[in-house]
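Worksheet: one structure, shown below.
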Amino acid sequence: MTDAAALSASCMCGVGRFERVFLYDAPPAGEVRFSFSGSDDYRREVLRCTVCGHFLSVHEMDDSALYDADYVSSTYRGGIRAAFERVNALPPERSDNVARVQRVLAFAERHVSGPRRGGRPPRVLDVGSGLCVFLHRMKEAGWDATAMDHDPRQVAHARDVVGVRAVCADLLDAPDLGCFDLITFNKVLEHVRGPVALLAAAARYLSPGGALYIEVPDGEIAVRDGPTREEFFIEHHHVFSAASVGLLASRAGYVVRELERLQEPSTKYTLRVFLARGQAGTISDHRLGA
């Protein structure tokens with residue numbers, strides 16, 4: 001479906017020796033029906049690199065306008081605010097965001113230099129802020145929060161409902177935003193075709209001593225459960241392995257400070273990764289029984 005050179009260039013290792021893992025001729029159960037993928041011509045395959053374990057979703061459907069409006073309209077049919085209130089009201093043991101915020105705050109306390117110098121609160125930029133539940137909780141924890149998203153409806157929600165600074169832009173060509181102690185990509189990089197360039201673009205906004213936090217789907221574990229796992233749904237161009245997320249970081253100019261794998265309360269298999277520039281790091285790899 002795609003030539004070998006293009007596949008190799010898309011892989012995190014740059015080699016991209018791929019084998020087919022799954023083939024779909026219809027949307028799997030649970031996958032959102034977007035405008036571009038709702039026809040009878042649905043055909044898609046998931047490939048895995050035998051070198052670094054990275055996964056690519058490959059198809060010829062035109063998804064170029066997905067994040068202009070269709071993603072939000074199709075995913076949050078009951079409205080953004082209703083979805084925000086539902087997710088925000090989940091009890092802690094069922095909330096991905098509660099655990100995420102706890103993890104981020106604990107790391108920042110130990111490793112992020114600069115916050116609260118001169119009495120200022122620490123600053124966080126969340127790229128692809130979505131429902132903004134994460135920033136709502138970071139704001140409650142005393143952080144100065146900025147949301148960035150493509151969809152003006154989600155930007156308005158972040159500004160008017162959550163009460164944080166909000167920017168409608170692509171990080172690759174965003175206006176000057178100042179510097180942040182923490183920049184986060186929560187389930188974002190799998191949605192873009194060029195995750196290396198997007199991650200690299202964050203460096204211009206990172207304060208000295210600051211850190212990046214990324215979450216991406218863990219394909220190494222999800223693949224064991226078969227083709228209906230949401231990690232392999234059509235909106236995810238990339239699905240990562242522990243090796244390929246490390247290669248992503250390196251190619252974008254970062255080093256891994258911490259890497260953790262887990263299954264979240266929502267059942268998503270996830271790689272949580274903290275990154276820094278120019279520092280040696282440690283990898284804590286919890287392999288869920290692997």
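The values are calculated or read from the model by the stated rules, or taken from the named source; none is laboratory data. The structure presented is a predicted model; accordingly, all values stated were derived computationally and were not measured. Here the Cβ is made from the backbone with ideal geometry for all residues, glycine too, and neighbour counts use every protein chain on show. These area figures cover heavy atoms from the full protein model, side chains too; ligands, DNA and RNA do not enter into them. Shrake-Rupley method; radii C 1.70, N 1.55, O 1.52, S 1.80 Å.
Give me log10 I(q)/I(0) at q = 0.17, 0.27 Å⁻¹ for segment 58-130, Debye formula, one equal scatterer per alpha-carbon, no solvent.
For segment 58-130 at q = 0.17, 0.27 Å⁻¹, log10 I(q)/I(0) is -0.91, -1.23.
Go through 39-49, 84-94 and give me the packing order, highest mean Cβ count within 10 Å leading. Each step should come with its number before you reach the end.
Values: 39-49: 16.9, 84-94: 13.2.
The most tightly packed comes first, giving 39-49, 84-94.
What ³J(HN,Hα) values, in whole Hz, does the Karplus curve 6.51 cos²θ - 1.76 cosθ + 1.60 give for segment 173-188 when θ = phi - 60°, with x put for Gly and Pro?
Values per residue, Gly and Pro as x: 9, 6, x, 5, 10, x, 10, 10, 6, 9, 10, 10, 10, 8, 6, 10 Hz.
What fraction of the Cα pairs in the chain, stated in percent, has a spacing above 35 angstrom?
Summing the P(r) of the chain above 35 Å gives 14 percent of all pairs.
Which far-off residues, 5 or more places away or on another chain, put their amide H under 5 Å from the one on Ser207, with H placed in the peptide plane?
Phe180, Asp181
Rounded if a/c is under 1.5, else prolate if a/b beats b/c, else oblate: with a ≥ b ≥ c from the C-alpha gyration tensor eigenvalues square-rooted, which is segment 89-183?
Numbers: a/c = 1.85, a/b = 1.09, b/c = 1.70.
Taking the square roots of the gyration eigenvalues as a ≥ b ≥ c, segment 89-183 is oblate.
Can you work out ³J(HN,Hα) from phi for every residue in segment 32-42, in order, using Karplus 6.51 cos²θ - 1.76 cosθ + 1.60 and θ = phi - 60°, giving whole Hz and x for Gly and Pro?
The phi angles translate into 5, 8, 8, 4, 6, 10, x, 8, 7, 8, 5 Hz.
Sequence gap at least 6, Cα distance under 8 Å: using those rules, report the relative contact order of the chain to the nearest whole percent. Walk me through the numbers on the way to the answer.
On the way: 548 pairs, mean separation 47.5, N = 290.
Value for the chain: 16 percent.
Which of rounded, prolate or oblate describes segment 1-78 when judged by the alpha-carbon gyration tensor and an a/c cut-off of 1.5?
Cα axes put segment 1-78 in the prolate bin.
Contact order normalised by length for segment 135-183, with contacts defined as Cα pairs under 8 Å and 6 or more residues apart; what percent is it?
Worked out over segment 135-183, it gives 33 percent.
For Thr50, Thr267, give the ranking by accessible area with the largest first, probe 1.4 Å. Let's see the in-between values first.
Numbers: Thr50 85, Thr267 65 Å².
The most accessible residue leads, giving Thr50, Thr267.
Go ahead and estimate [θ] at 222 nm for the chain from helices alone: -39,500 (n - 2.57) per DSSP H run with n ≥ 4, summed, over the residue count, rounded to 500. Walk me through the numbers on the way to the answer.
Values: 9 runs with 73 residues, N = 290.
After summing the helix terms and dividing by residue count, I get -7000 deg cm²/dmol.
Is segment 33-96 rounded, prolate or oblate when judged by the Cα gyration tensor, a ≥ b ≥ c being the square roots of its eigenvalues, rounded requiring a/c under 1.5 and prolate requiring a/b larger than b/c? If you can, show how the numbers build up before the last one.
Working: a/c = 3.14, a/b = 1.40, b/c = 2.25.
Oblate, since a/c reaches 1.5 and b/c is not below a/b.
Cβ under 10 Å from Pro208's Cβ, Pro208 left aside: what net charge do those residues give with Lys, Arg +1 and Asp, Glu -1? Present the calculation step by step, with values, prior to reporting the outcome.
Values: positive: Arg277; negative: Asp181.
So the surrounding residues net to 0.
Viscosity 1.306 mPa s, temperature 10 °C: give me the Stokes-Einstein translational D for segment 163-219 in µm²/s, with Rh taken as the Kirkwood radius over C-alpha pairs.
Values: Rh = 12.4 Å.
This corresponds to a translational diffusion coefficient of 129 µm²/s.
Counting alpha carbon pairs within less than 8 Å and at least 6 residues apart, what relative contact order, in whole percent, applies to segment 38-179?
Working: 153 pairs, mean separation 23.4, N = 142.
Relative CO of segment 38-179 lands at 16 percent.
Give me the one-decimal Kirkwood hydrodynamic radius in Å for segment 149-275, with the sum taken over alpha-carbon pairs. Kindly include the intermediate steps, with their values, before the conclusion.
Values: mean 1/r = 0.0639 Å⁻¹.
By the Kirkwood definition, the hydrodynamic radius is 15.6 Å.
Starting with the highest mean, order 220-227, 23-30 by the number of other Cβ atoms within 10 Å, averaged over the residues of each peptide.
Details: 220-227: 16.8, 23-30: 12.1.
Going from most to least packed, we get 220-227, 23-30.
So, in Å, what gap is there between the alpha-carbon centers of segment 24-56 and segment 215-271?
16 Å
So, counting K/R as plus one and D/E as minus one, what does the shell of residues with Cβ under 11 Å around Ala249 add up to?
On the way: positive: Arg251, Arg257, Arg277; negative: none.
Taking every other residue near Ala249 into account, the sum is +3.
Distance from a point 7 Å along Cα→Cβ of Asp41 to each backbone N in segment 64-80: keep the residues under 17 Å and list them by number.
Flagged as within label range: 64-66.
Quick one: which residues, 5 or more positions from Arg257 or on another chain, have an amide H under 5 Å from its amide H? H modelled 1.01 Å from N in the peptide plane, none for Pro or chain starts.
Correct list: Phe274, Leu275, Ala276.
Counting only other residues whose beta carbon sits under 10 Å from that of Leu182, what net charge do I get with K and R as +1, D and E as -1? Don't skip to the answer; put the middle values down first.
Details: positive: Arg123; negative: Asp126, Asp181.
Net of charged neighbours comes to -1.
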